[in-house]
Amino acid sequence: MSLPPATELALQAAGLIGTWNTDVKAARSVLDSGAAALLAGDVGLAGQPLPLEIALQPTHPDARDWVFDRIRRMRRTGGPFSAEFRVETPTHHVKWVLTLGILAPDEAGMMRGPGCYIDTTSTHTKPF
């Protein structure tokens with residue numbers, strides 16, 4: 001889907017990193033190029049069904065268990081989802097990421113749904 005340039009600029013200004021789409025039965029998520037670059041650590045993984053451990057590989061060690069537990073619970077129950085957590089970039093910089101989405105049964109009763117990742121680092125950075 002192509003968005004108008006003004007919409008793309010607004011999303012970029014809002015900190016949009018990228019999107020995800022989860023298929024719970026397959027236990028896989030598909031990331032777009034922005035999400036794959038930061039969260040899977042490889043833009044080449046965009047569009048490929050990935051297990052949670054790969055899709056969120058750079059999750060900060062202090063947040064990893066908490067984030068993965070929340071995601072696994074949401075995959076069982078469905079509904080709206082939000083979580084904010086830290087990731088560590090390959091250059092060892094820490095970024096804060098907010099994920100928002102929803103999982104619901106599709107026409108066949110299979111739990112699936114979309115979401116997005118937003119960079120919230122600036123809200124956690126102290127001014128000079």
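Descriptive notes on the structure:
- Residue satisfying all of: in the range 35-87; assigned to a loop (DSSP other than H, G, I, E, B) and among the polar types (S, T, N, Q); farthest from Thr123 (Cα to Cα) among these: Gln48
- For the range 5-27, the set of residues classified as without any contact (Cβ under 8 Å) to a residue 24 or more places away in the chain and not in a loop (DSSP other than H, G, I, E, B) consists of Pro5, Ala6, Thr7, Glu8, Leu9, Ala10, Leu11, Gln12, Ala13, listed by residue number.
- Residue within the range 71-81 that is among the hydroxyl-bearing types (Ser, Thr, Tyr) and either over 14 Å from the mean Cα position of the chain (by Cα) or buried (at least 17 other Cβ atoms within 10 Å of the Cβ) (or both) present: yes
- Residue list for the range 90-110, filter: within 26 Å of Val43 (Cα to Cα) and either of a type in the set (A, V, I, L, M) or buried (at least 16 other Cβ atoms within 10 Å of the Cβ) (or both): Val94, Lys95, Trp96, Val97, Leu98, Thr99, Leu100, Gly101, Ile102, Leu103
- Being closer than 22 Å to Gln12 by Cα, hydrophobic (A, V, I, L, M, F, W, C) and surrounded by fewer than 19 Cβ atoms within 10 Å (Cβ to Cβ) holds for only one residue in Val43, Val87, and it is Val43.
- Within the option set Ala27, Ala35, Ala6, being at pLDDT 85 or above, under 21 Å from Thr91 (Cα atoms) and of a type in the set (A, V, I, L, M, F, W, C) holds for one residue only, Ala35.
- Single residue of the range 105-122 satisfying the filter (hydroxyl-bearing (Ser, Thr, Tyr) and not in a strand (DSSP E or B)) that is nearest to Thr19 (Cα to Cα): Thr120
The values are calculated or read from the model by the stated rules, or taken from the named source; none is laboratory data. Values in this document were obtained by computation on a predicted structure and should not be read as measured data. Cβ coordinates were reconstructed from backbone atoms using ideal geometry, including for glycine residues, and neighbour counts include every protein chain displayed.
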